[in-house]
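Rule-based calculations on the coordinates, nothing more; no lab input. Only a predicted model underlies this, so the values are computations on that prediction, with no experimental measurement involved. Cβ sites come from the backbone with ideal geometry, for glycine too, and all protein chains shown count toward neighbours.
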Amino acid sequence: MSSFSETGRLDMQAQRDITPRKPKLSVKEVEALGYYDFMSYLGVPYYHVGGLTSTKKLAELCRIDSTKKILMVGCGTGFSACYLARKIGCEVIGIDIAELSIEKAKERAKKQGVSDKAKFRVGNAYALPFEPGTFDAVITEFVSQFLDRKRAFKEFARVLKPRAYVGINEMYREKEIPAKATEEIAQAEKNWRK
Ligand SMILES: C[S@@+](CC[C@H](N)C(=O)[O-])C[C@H]1O[C@@H](n2cnc3c(N)ncnc32)[C@H](O)[C@@H]1O
């Protein structure tokens, strides 16, 4: 596992991993891109709070090691997926509905020399193109907050092995929050305001 300063350095490295697409797209072509494909076109490496530090924490919580097979739903340009493949050596499959993001993710995996471990394909969270019981963990970072969670989590459960994990780094508030989590959130807020 890497230290915080190492993850910070890798954050910087990841920024340089992907260069803006060449040749440049015309204004008309750019206008036709979806929001996330446009961000990918600009070379934005990731869009979740916490960067690699939170990805690393999620991996720990999901007990991911080199023997595990992971699905990253809404993987964007593959920033976190490549990190997990490189640092842990697990097999990661990333899916996203944004085609250009998947193109960039493949490019990133190739540049980082992890194409054998980190694979990417276009796919929809609501209809995952995998057999039941395929994965040891499903991870989402700033994705399920935008989805119909009931539908999406049902689909995640379908492709997970028994006793597998769902790891989420998302910003939403459930109506029912366990007392312990409520306490932790209040404490974190207090610390943040200090
Ligand atoms: C805020 S971005 C986060 C991307 C990446 N997880 C990260 O942290 O950088 C949300 C991502 O979810 C993808 N997405 C949205 N709806 C989706 C769906 N139904 N199935 C798969 N991906 C989806 C978007 O294309 C986008 O890449």
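Arranged from fewest to most other beta-carbon atoms within 10 Å of their beta carbon, Tyr165, Tyr83, Tyr126 become Tyr126, Tyr165, Tyr83. Amide H contacts of Phe120: Gly94, each under 5 Å away and 5 or more positions distant or on a separate chain (H built 1.01 Å from N in the peptide plane; Pro and chain starts excluded).
Given Lys57/Lys119; Lys87/Lys175; Lys57/Lys150; Lys69/Lys190; Lys57/Lys111; Lys119/Lys180, which pairs have Cα atoms separated by over 31 Å? Listed pairs above 31 Å: Lys87/Lys175; Lys69/Lys190; Lys119/Lys180. This ranking places Val73, Val166, Val114 by how few other beta-carbon atoms lie within 10 Å of each, fewest first, which gives Val166, Val114, Val73.
One equal scatterer on each Cα of the chain, no solvent, Debye formula: the resulting log10 I(q)/I(0) at q = 0.18 Å⁻¹ is -1.28.
Stretching Leu42 away from Val27 to a fully extended chain increases their span by 4.1 nm, per 0.36 nm per residue minus the current alpha-carbon distance.
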